[in-house]
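Heads up, the thing below is written out as structure tokens.
The values are calculated or read from the model by the stated rules, or taken from the named source; none is laboratory data. Keep in mind that this is a model prediction, so the values were computed, not measured. So basically every Cβ, Gly included, is an ideal-geometry build from the backbone, and we count neighbours across all protein chains shown. Areas reflect the complete protein model, heavy atoms only, side chains present, ligands, DNA and RNA absent. Shrake-Rupley method; radii C 1.70, N 1.55, O 1.52, S 1.80 Å.
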Amino acid sequence: MSEIGARIAEFFAWLSTIVPAFVTPDWAALIGLLPLFVAPLVLLWLLYTGGIWTLVGITKRGAQLKVGAPLPTPAPLGADGRPLFPAGRPYATSEAAIYPNGSTRSLRGEPLLIACPSCLAVRVAERSTCDACGLEVRARTLIAVERPAGPPPGGAARA
Ligand SMILES: [Zn+2]
């Protein structure tokens, strides 16, 4: 037999040891290796979803509605030049301003005062019940929503 024939026989002998590994694999060993195949897939999925949510968090648009702060109105002045505060409306004496119903703090953060509509006793606006007559004033303010000043930037460029 020639050298080439010996090489060919050697190749087929090697092939006969390799082929059974694919034709009849050792299933128990392969099942044991399953976590090695599943773990990278799970890791890829986690990286993909984490990346997507990070992208959403970075590029998401802000809130479309803006809640407007209730603005006080200046109190009308009396004949003596002092401000007049109507009963049942929160007011700030330092600013001489009347605040919307339900307000308890001024724009500076100071507590507002309110005169009882029944007995005109003055109390802090945070307290809903009058100490003198027991009248309870429940004021609910509507939430003022401001319109945006204009369309979002880049709107015309996108269209
Ligand atoms: Zn009262």
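Run the numbers on the chain and let me know its relative contact order in percent, using alpha-carbon pairs under 8 Å that are six or more apart.
Contact order relative to length: 16 percent.
Convert each backbone phi in the range 85-94 into a coupling constant with the Karplus relation 6.51 cos²θ - 1.76 cosθ + 1.60 (shift: θ = phi - 60°), then list the ³J(HN,Hα) values in order as whole Hz, x for Gly and Pro.
10, x, 5, x, 10, x, 8, 10, 6, 5
If you average the sequence gap of Cα pairs under 8 Å that are 6 or more apart and divide by the length of the range 78-120, what percent do you get for the contact order?
37 percent
If I fit a long axis through the Cα atoms of helix 3-23 and take the longest principal axis of the Cα atoms of the chain, what angle between them do I get, 0 to 90°, rounded to 10?
40 degrees
On average, how much accessible surface per residue is there in the range 62-147, in Å², for a 1.4 Å probe, leaving out ligands, DNA and RNA?
Ligands and nucleic acids excluded, the figure is 69 Å² per residue.
Once the Cα gyration tensor of the range 62-147 is diagonalised, what are the square roots of 5 times its eigenvalues, in whole Å and ordered largest first, as equivalent ellipsoid semi-axes?
For the range 62-147, the semi-axes come out at 25, 17, 10 Å.
Count the net charge of all other residues whose Cβ sits under 13 Å from the Cβ of PRO100, scoring Lys and Arg as +1 and Asp and Glu as -1.
Computed value for this residue: +3.
Treating only the Cβ of Lys, Arg, Asp and Glu as charged (+1, +1, -1, -1), what charge dipole size does the chain show about its Cα centre? Round to the nearest 20 debye.
860 debye
Mind pulling the angle between the C-alpha long axis of helix 27-59 and the longest principal axis of the chain? Nearest 10 degrees, somewhere in 0 to 90.
30 degrees
In the chain, with Lys and Arg counted as +1 and Asp and Glu as -1 at Cβ, which of these residues, TYR99, LEU47, PRO25, has the Cα nearest the positive end of the dipole, that is, farthest along it?
Positive-end residue among those listed: TYR99.
Name the longest site-free stretch of the chain, where the excluded sites are trypsin sites (Lys or Arg not before Pro) in a DSSP loop with no more than 12 other beta-carbon atoms within 10 Å.
1-59
Over the chain, what percent of the accessible surface lies on carbon and sulfur atoms, probe 1.4 Å?
67 percent
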